[in-house]
1. Considering only residues that are touching a helix residue (DSSP H, G or I) at 6+ places or on another chain (Cβ under 7 Å), under 17 Å from GLY821 (Cβ atoms) and in contact (Cβ under 8 Å) with a residue 60 or more places away in the chain, which ones fall in segment 724-771?
2. Kindly list the number of the only condition in (1) assigned to a loop (DSSP other than H, G, I, E, B); (2) free of Cβ contacts under 8 Å to residues at least 24 places away in the same chain that fails for ASP300.
3. For segment 396-413, give me each residue that is surrounded by 23 or more Cβ atoms within 10 Å (Cβ to Cβ) and not hydrophobic (A, V, I, L, M, F, W, C).
4. Would you point out the residue of segment 440-465, among those that are touching a strand residue (DSSP E or B) at 6+ places or on another chain (Cβ under 8 Å) and among the hydrophobic types (A, V, I, L, M, F, W, C), that is farthest from HIS592 (Cα to Cα)?
5. Give segment 861-906 a look and list any residue that's more than 13 Å from THR680 (Cβ to Cβ), crowded, with 21+ Cβ neighbours inside 10 Å and among the acidic types (Asp, Glu), or say none.
6. Tell me, yes or no, whether segment 793-807 has at least one residue that is at pLDDT 90 or above and charged (D, E, K, R).
7. Residues to consider are ALA494, ALA525; find the one that is of a type in the set (A, V, I, L, M, F, W, C), assigned to a helix (DSSP H, G or I) and crowded, with 24+ Cβ neighbours inside 10 Å.
8. Under 30 Å from THR341 (Cα atoms) and buried (at least 22 other Cβ atoms within 10 Å of the Cβ), is that true of ASP489?
Amino acid sequence: MTIFVASLFLPYTVNFDAPATSSRSQSPELVRPQSAVSQAPSLNDSQPVSLFTPGIGISGTPGPIPLTPGSTTDHEKIFRPQIERNFSLTLPGIKNGPGIPLRSISRHDLHSPGWGKSFGWNQPPSRAKSPPPSSILKHAVAGSKDLKELKEKAQQIAYNTANKHHRRQRTRTASHERRFSNYEYAVERAPLGNGGLYNAIDAAADAGICDEKTWVGTLGCPVDALEDHLKENIAEKLENDYDCLTVYASDSDLNGLYEHYCKTILWPVVHYQIPDHPKSKAYEDHSWIFYVKVNEAFADRIVKNWKKGDKIWVHDYHLMLLPGLLRQKLPEAEIGFFLHTAFPSSEIFRCLAVRTELLQGMLGANMVGFQTDEYGHHFLQTCSRLLNVEATKHGVILEDGRFVHVATCPIGIDPKAIDHHRQADEVKEWVQIITEKYRGKRIIVARDKLDTVRGVRQKMLSYELFLNKYPEYKEKVVLIQIATSSAEDPDLSATVADIVTRVNSTHSTLAHQPLVFLKQDIDFAQYMALLIVAECLMITSLREGMNLTSHEWVVCQDGKLSENKYGPLILSEFTGSATIFGQNALLVNPWHYSMCADAIKQALDMPTAERQRRWKKMYDVVIEQSAVRWYEQYLKDLEHAWKEHAVRDSTAVPRLSISSTKSKYQKANRRLIILDYEGTLASWGSPTDIILTTPKRSIDVLNDLIDDKKNVVYVMSARMPEEMERLFSQVSGIGLIAENGAFVRDPNSDEWQELIDPEHVASWKTGVRSILQYYVERVEGSRIEVRHSSVIFDYSDAEDRAGAFKSAGECANHINDACRGQNVNAIPIDDTLFISELDINKGAAAQLITENLENLTQKKGVPLPDFLMVIGDSREDEYVFNWAHKLEKAGKIRDVITVTLGARSTEASATLTQGVTGVLSILERLTRGT
């Protein structure tokens, strides 16, 4: 059994033995979300070359780092990276492939190609060209009324135009391609990509629980300049020696996906930033076609190598379409998806033009995992609102009956690896250097990517306010801010530089500089040393899936290598880490500068006992929710979700065996039979209609069943109790379940048992009706039906069906949000919204029936049933099927038969395709013994 781990970039790349090029232009590096620890050497250029800059290769010797505005030469020289520093800090007992240094920790924030140049690596030049301007979207076909077709034509024009450019470039640069193809290459461990994921998988492998894994991803460098035979050679080597499947996407496709769609549109949106400012390129929605093509390339690569029993684990926002594409080609596959970033509220996500496609792509997985409950809730809320599907607390029920689980699995770090790395002699040397340099000073440390998401500007303003508000700390505290540079937002860089200059010009003295701002990355050993020596870590991200730097800080603050220990953590409440650390960290709103300033003072003044108490609780969390635990828990939950899906898969449900059912029926001493009404015993009618009589054949069948004293028979329906009494007035001794489980009446009884609290129902009904009234007034032809335990929004007669469908999704989202604390949920069912309490369903009613039968056994000695048959046709009946199979597994009932009608995804053990007629025929054969 192989686990395919699909991520945009592989953890390995290639480095060619080619001469350096002497000149090249520079362009902004790509976005590098998430932050933490590195296996990489220091980045020796504050603005690395982008992977996708047209005509630019990643090669040559790095130049000197420009000095940072607002910092002194002496301070900056201390932290200037060591160009030739060995970056492979090895772990004992780790076996690596040939030519690869022993595994070390990957930096979590290096998502951006461009690091290769900083290492002096030689990689092919990019042939990518930015997608053509959006004016191509205006190309019209005379008389065309199909906007969708028009947009598809425009997208194809964009793609063809871009590739036409690449074909011209290929001709002009053929000699360069041949030169690269003739050079030797080495496979190198790549610091590019999702380091948090790499570390977690490596930690699981070290723990012996991840033996058969195969990475699936791109090389993280341009490939158009490489000849086909060389690509095949590289792919074969990576597959044979490093367990990697290489996905080759053209430079144009990968550039379009990463630089244009992911970086410009998708990344800002998932971090709550709508790219609508004048300089945004979000209007270039034709870049979507490149996103699709790269996801399709991943799907094709996996499908060719997948075999039955393998697992597929897809990671992050670059590959949101991949689970859906795989589901189409591999219906039985076990597929998981994990989003490492945040997931925004439905109000934000709905701004995306391709929101439906992205959601449907994610829903191709058996399970979708998120860092926090909040992100999972937003996803469920968005699916309910935009797709108008039922979203429960644990997942999404799709129209075909397939259930997609949604789980919270916060990623962690590998504490053992961190502990090993900080013991290195080089780290200890830096601890001494930094301690001596800042002796007598109280160090606050921070390390962030300089982009709008990380909140560096907010942090600088908060620190400035702290110095102004508490002048007694001016010469005692120094904030060391490492800002891995980004040239993509020069306005932000300039603004931060101005703040840094102002702070130091206002508060510096001859002997003290309060703010050391380094617009460059630092050596890994320096980073570890800062985490050990500093007194406080400050993180002010405006939104972040999980900040693993804070986890590493906690591990390094145990006092083993420094006098400072148990340092407080100032943490933005908008990070995933804030959810798991809770109030043990000093949680702040980055936009509330006064709160952040006060948090700095609180951290510096915090008594030792409180520091230790907070640190110990955070340390326990880091150890408990480690990378290994994340790996184990996710795959365990995924396997459960997949098995549940496999059980419900309609292709695996056999036809009901009449002979076997009849044999079990006849051998039974006591039988419990539960039958759905509409769609099972009688044809469907409108939920708002009251049928005065049940069809005579159904009445006769029920009377025949009840005449056999061995049988206990219940009929269940969504109708109200008084309707059920009227419908079955001709059947004495029948048990009834009304309003989908809210009411139960036992056979030969006149009293209804309520599973609801009438006062609680009355309290939420008032609010729900006022919400529904708003939508009824706007959806012509819709209406409200109030029942004892539920309220129904019926739009089946609406004239504008598309508008009604959209309004119903918004209504469900509105109600689910407003009633979240009241245990109330809105469920879309056949052109209606059914609003009721979450815990009230037919399964809960069936459980009450079991308890009543057990009480009857204890009081009167009546034997418990040894035969149970449940027949139903709708989603609500799945609760009863599930309850029945639990009784069977627990050994409480010998023979359990669950039957659904038609071909659909179900938990039932058998299916009937003849509808109501087939059900009545089988029941007649059982009662008559024929």
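1. If the condition is that a residue be touching a helix residue (DSSP H, G or I) at 6+ places or on another chain (Cβ under 7 Å), under 17 Å from GLY821 (Cβ atoms) and in contact (Cβ under 8 Å) with a residue 60 or more places away in the chain, then TRP764, VAL768 are the ones that fit.
2. Here ASP300 clears every test but (1).
3. GLY412
4. Only one residue fits best here, namely ILE443.
5. GLU878
6. Yes, some residue in segment 793-807 is at pLDDT 90 or above and charged (D, E, K, R).
7. On the way: ALA494 fails: crowded, with 24+ Cβ neighbours inside 10 Å.
Among ALA494, ALA525, only ALA525 is of a type in the set (A, V, I, L, M, F, W, C), assigned to a helix (DSSP H, G or I) and crowded, with 24+ Cβ neighbours inside 10 Å.
8. It is false that ASP489 is under 30 Å from THR341 (Cα atoms) and buried (at least 22 other Cβ atoms within 10 Å of the Cβ).
The values are calculated or read from the model by the stated rules, or taken from the named source; none is laboratory data. Bear in mind the structure is a predicted one, so any value in this text is a computation, not a measurement. All Cβ positions, even for glycine, are placed from backbone atoms using ideal geometry, and neighbour counts span all protein chains on display.
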